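Here the structure comes first, spelled out in C-alpha cells, and everything after it is commentary.
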Amino acid sequence: MFANLSLKEQNDLWMFWMENALTFYDNRDSEKIIMVTHNAFDLACLARTRNPDCMHVADK
C-alpha cells in the first residue's frame, strides 16, 4: 500500500509517524512509540529500495 505513494507522500508520512512518536514519548506511551517508529523504519527501508538517497537507513 505504501509503495504506491509518491516519494513526497512517503516522506510526509514518515515525518507524521516520527512526530507522533515524540508525542507518545512525552505521554510515556511506550507501546505506541514502538508501533510508530517501527512503521517509520519500515517505510524508510521501502523508500530506500526505490530511491537510495532519500532516507538514512544503513546497509549492514
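The values are calculated or read from the model by the stated rules, or taken from the named source; none is laboratory data. Model, not experiment: these values are computed from the prediction. All accessible areas refer to the heavy atoms of the entire protein, side chains included, with ligands and DNA or RNA removed. Shrake-Rupley method; radii C 1.70, N 1.55, O 1.52, S 1.80 Å.
Give me the percent of accessible area attributable to carbon and sulfur for the chain, probe 1.4 angstrom. Accessible surface attributable to carbon and sulfur in the chain totals 57 percent. Entry comment: accessible area of the chain is 79 Å² per residue, from protein heavy atoms only and a probe of 1.4 Å.
Against the chain, whose longest principal axis is taken from its Cα atoms, helix 7-26 shows a tilt of about 20°. In the chain, helical runs assigned H by DSSP with n ≥ 4 each contribute -39500 (n - 2.57); averaged across all residues and rounded to the nearest 500, the mean residue ellipticity at 222 nm is -23500 deg cm²/dmol. When LYS8, LYS32 are compared by accessible surface with a 1.4 Å probe, the order from highest to lowest is LYS8, LYS32. Length gained on full extension, ASN4 to LYS32, computed as 0.36 nm times the residue gap minus the Cα-Cα distance: 7.6 nm.
Working from Cα positions, state the angle (0 to 90°, nearest 10) between the long axis of helix 30-50 and the longest principal axis of the chain. Its long axis makes an angle of about 10 degrees. Our summary gives the chain a relative contact order of 31 percent, counting only alpha carbon pairs under 8 angstrom and 6 or more residues apart.
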